[in-house]
Amino acid sequence: MLNGFNDRVFHFKGSVLGFDQFDDFKFFAAEENPSFGYLESVEDPSVGFVAVSPFHFFSGYQFEIEEKVKDELKLVKPEEVLVLSIIHVKNPFTESTVNLMAPLIINVTNNQGRQMILTQPSMYGTKEKLLVPSSKEGGEDAC
């Protein structure tokens, strides 16, 4: 769960696409559901993103972190890595999508992060449905 990172400021050095004027984002886990978090710009608190660990919602999600990103973030051990994906929140929430093509890679040891565009072929896109409805047995509504 993401509540272990509450109140941490992650330094993205302008690498979040479309928001390159913002460097630092403070993280808050959602109290109602710590699978969700919020990144709020330190420079402008009116700018922020809802984010999730993509591995929690997409069990087969995987990719290689580019060597230049590992070097830039000074990543040495897998335990240092936090991966988040930005959610495009829609109304109703069940229609929300998540960007799996541009994950946020964070070194939780030094709080350095960057957004990385996946360049290798992937079965995931920028608008993957976050919540997949559960199937109903026998055509009847599940209780």
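Here are a few things to note about the model shown:
- Yes/no for residue 64 being surrounded by 14 or more Cβ atoms within 10 Å (Cβ to Cβ) and either under 19 Å from residue 36 (Cβ atoms) or of a type in the set (Asp, Glu) (or both): no
- Residue in the range 68-79 that is at pLDDT 90 or above and touching a Phe, Trp or Tyr at 6+ places or on another chain (Cβ under 9 Å) present: no
- Hey, residue 41 more than 14 Å from the chain's Cα centre (by Cα), under 22 Å from residue 131 (Cβ atoms) and of a type in the set (Gly, Ala, Ser) or not: no
- Residues that are within 26 Å of residue 123 (Cα to Cα) number at least 1 in the following strands (runs of 3 or more DSSP E) confined to the range 18-97: 36-41, 48-52, 81-88.
- Restricting the range 1-17 to residues that are without any contact (Cβ under 8 Å) to a residue 40 or more places away in the chain and part of a loop (DSSP other than H, G, I, E, B), the residue that is nearest to residue 72 (Cα to Cα): 14
- Index of the failed condition, residue 128 passing every other in (1) in contact with a Phe, Trp or Tyr (Cβ under 8 Å, 6 or more places away or on another chain); (2) at pLDDT 95 or above: (2)
The values are calculated or read from the model by the stated rules, or taken from the named source; none is laboratory data. Keep in mind it's a predicted model, so treat the numbers as computed, not measured. Here Cβ is always computed from backbone atoms with ideal geometry, including for glycine, and neighbour counts include all displayed protein chains.
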